[in-house]
Structures are given as C-alpha cells and as structure tokens.
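These notes are about the structure you will find just below.
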Amino acid sequence: MPPPFTSYTPAAGWEKAADHPISWCPNCHDEAPFLEELYQKYHGLGLEVVALDFEPAEQIKSLSRARAFIKRYGIEYTYLIAGEPRFHRPKT
C-alpha cells in the first residue's frame, strides 16, 4: 500500500484520481479503504476520485457484487460501471 499523504495542495491537472476497481479483485479490496480515506480527507480541497469498474457480463445485469463492494468500503466518490473486461469476453 502506498504511504499515506501528509498534505495535499491542489495543482492544475492533479485534482483527480482514477481507479479501476473490480469487485472480485483482491488488490482492489486492499486499495479501496485507502482511496476512500484519501477522498474523505482531501475532497474538501478539490480532490475528486472516479472509479471505473469492469465486471463480467453476468454481474453487469444485477450489479450485486459492485453494490456490495461500494457498501463494504463506504465509497462516496463517483463509481461507474465501465463495462466488461476484455479477458472475460469469449474468444472467437
């Protein structure tokens, strides 16, 4: 896990953080609390976090895993379902 930030000063081009969580990914579960803490701490200073979640097709229909992930970590930043990851598509 990256070291915690000790200060944040908004600078042009650095006010946004993007994340690519996947609800079944162990590393994504590891970083989710860090990103939520970062968002809570620096959102008032202008920091925005946007998550782009890629889920298998069967999960996109119900979003049950993504909803559970958001609830588990209390995610309040923007969380978008971006589609299906390439490696889950059937090979033709």
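What the table below lists for this structure:
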| quantity | calculated |
| --- | --- |
| Radius 14 Å from Cβ of PRO26, net charge of other residues (Lys, Arg +1; Asp, Glu -1) | 0 |
| Net charge of Cβ neighbours under 13 Å - reference GLN40; Lys, Arg +1; Asp, Glu -1 | -3 |
| Linear extension gain, GLU37 paired with ILE81, 0.36 nm per residue minus alpha-carbon span | 13.7 nm |
| Residues with amide H under 5 Å from that of GLU48, placed H, sequence gap 5 or more | LYS16, ALA17 |
| Around TYR73: net Lys/Arg minus Asp/Glu count, Cβ-Cβ under 11 Å | -3 |
| GluC sites (Glu not before Pro) lying in DSSP loop within region 21-92, provided at most 12 other Cβ fall within 10 Å | GLU76 |
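Computed from the coordinates by the stated procedures, all read-outs in this text should not be read as laboratory data. Since we're looking at a predicted model, the values are computed, not measured. Note: ideal-geometry Cβ built from the backbone for every residue, glycine included; neighbour counts use all protein chains shown.
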